[in-house]
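**Student:** Attaching a single structure in structure tokens format; questions to follow.
Every number here is computed from the coordinates shown, using simple stated rules; none is lab data. Keep in mind that what you see is a predicted model, and the values were worked out from it rather than measured. Backbone-built Cβ (ideal geometry, glycine too); neighbour counts: all protein chains shown.
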Amino acid sequence: MLKPEERFFAELVTKESGIILGEDKSYLLTARLNPLARARGFTGLKEFYEAVKFKVDANLKRELVEALTTNETLFFRDMTPFRILQSDLIPKLKSSPVRPIRIWCAASSTGQEPYSIVMSFLEKWPDLTPRDLSVLCTDIDNTARKKGESGVYSQIEINRGLPAMMLEKYFGKRGPNGFSRRRSEASPRGNTST
């Protein structure tokens, strides 16, 4: 059961984002919001709640929502939709006169899934140009979305689902432990969170 301060933050986040945190999410609220409370100079969630319950500014709302989003993503996450995209949809779209092809990737997080969509198109349609394909990326978490716009990933992030052949083709080494997108064609377009 949620304590009053947890309920306040849960309801605020639901109102701002649509994320619903049930009665069983006390641990999640505490674990994710205590660091935010401490960063703002409070000893814990209860003191933080007492200070902000009547005055929550836009920046704090954004920070609360971002603290409670789960940014679980990887390249080619859930292969079934990507197989359908590559085997059925791309060939049909390629033979269609409709251009540009517009895709909206909602909840794009740090961008691995939108990049996977673009790479899937480029693998099946090598002469595709940025004018022919538009992938709009949105996410409620601006920090995650901006990371996706940068196209820079750590070795660990790259290892989560990106085939070596695609790493070589679409990304270049960046520093000792990172990679950045190489081809501008492999770039989905970012957008604001809401």
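**Student:** Assuming a viscosity of 1.306 mPa s and a temperature of 10 °C, what translational diffusion coefficient in µm² per second does Stokes-Einstein assign to region 1-146, Rh being the Kirkwood radius over Cα pairs?
**Tutor:** 89 µm²/s
**Student:** Just rank Y153, Y49, fewest to most, by other beta-carbon atoms within 10 angstrom.
**Tutor:** Listed from fewest to most nearby Cβ atoms, that is Y49, Y153.
**Student:** Right, next: Could you give each residue of region 114-123 its phi-based ³J(HN,Hα) in whole Hz, using Karplus coefficients 6.51, -1.76, 1.60 with θ = phi - 60°, and x for Gly or Pro?
**Tutor:** x, 4, 5, 4, 5, 5, 4, 4, 5, 5
**Student:** Any idea what the dipole of region 74-186 comes to, in debye rounded to 20, about its Cα centre with Lys/Arg Cβ at +1 and Asp/Glu Cβ at -1?
**Tutor:** It comes to approximately 220 debye.
**Student:** Using the crude model of +1 on Lys and Arg Cβ and -1 on Asp and Glu Cβ, and no other charge, please compute the dipole size for region 4-68 relative to its Cα centre, in debye to 20.
**Tutor:** 160 debye
**Student:** Of the listed peptides 94-107, 1-14, what is their order by residue-averaged count of other C-beta atoms within 10 Å, with the highest listed first?
**Tutor:** The packing order, highest mean first, is 1-14, 94-107.
**Student:** HN-Hα J couplings of region 141-157 from phi, Karplus 6.51/-1.76/1.60, θ = phi - 60°, integer Hz, Gly and Pro as x?
**Tutor:** Each residue's phi maps through the Karplus curve to give 8, 4, 5, 5, 4, 5, 4, x, 4, 5, x, 10, 9, 7, 4, 4, 5 Hz.
**Student:** So what's the gap between the Cα centers of region 1-65 and region 122-168, to the nearest angstrom?
**Tutor:** Spelled out, the Cα-based centre of one part sits 32 Å from the other.
**Student:** Answer with one residue from I103, A58, T129: the one whose Cα lies farthest towards the positive end of the charge dipole of the chain, charges on Cβ with Lys, Arg +1 and Asp, Glu -1.
**Tutor:** Comparing the listed Cα positions along the dipole, T129 ranks first.
**Student:** Size of the dipole of the chain about the Cα centre, Lys and Arg at +1 and Asp and Glu at -1 on the beta carbon, nothing else charged, in debye to 20?
**Tutor:** 540 debye
**Student:** Scan around F171 for amide H atoms under 5 Å from its own, H built in the peptide plane at 1.01 Å from N, and keep only partners 5 or more places away or cross-chain.
**Tutor:** Those lying under 5 Å, H to H, from F171 are R182.
**Student:** Rounded to two decimals, what is Rg over Rh for region 4-68 when you use alpha-carbon atoms and the Kirkwood radius?
**Tutor:** 0.91
**Student:** Amide H of V135: which non-local residues (sequence gap of 5 or more, or other chain) have their own amide H closer than 5 Å, using H built in the peptide plane?
**Tutor:** Sorted by chain and number, the residues that satisfy this are I103, R189.
**Student:** Subtract the Cα-Cα distance of V56 and T43 from 0.36 nm times their separation in residues, and report this length gain in nm to one decimal.
**Tutor:** Extra length from V56 to T43 when fully extended: 2.9 nm.
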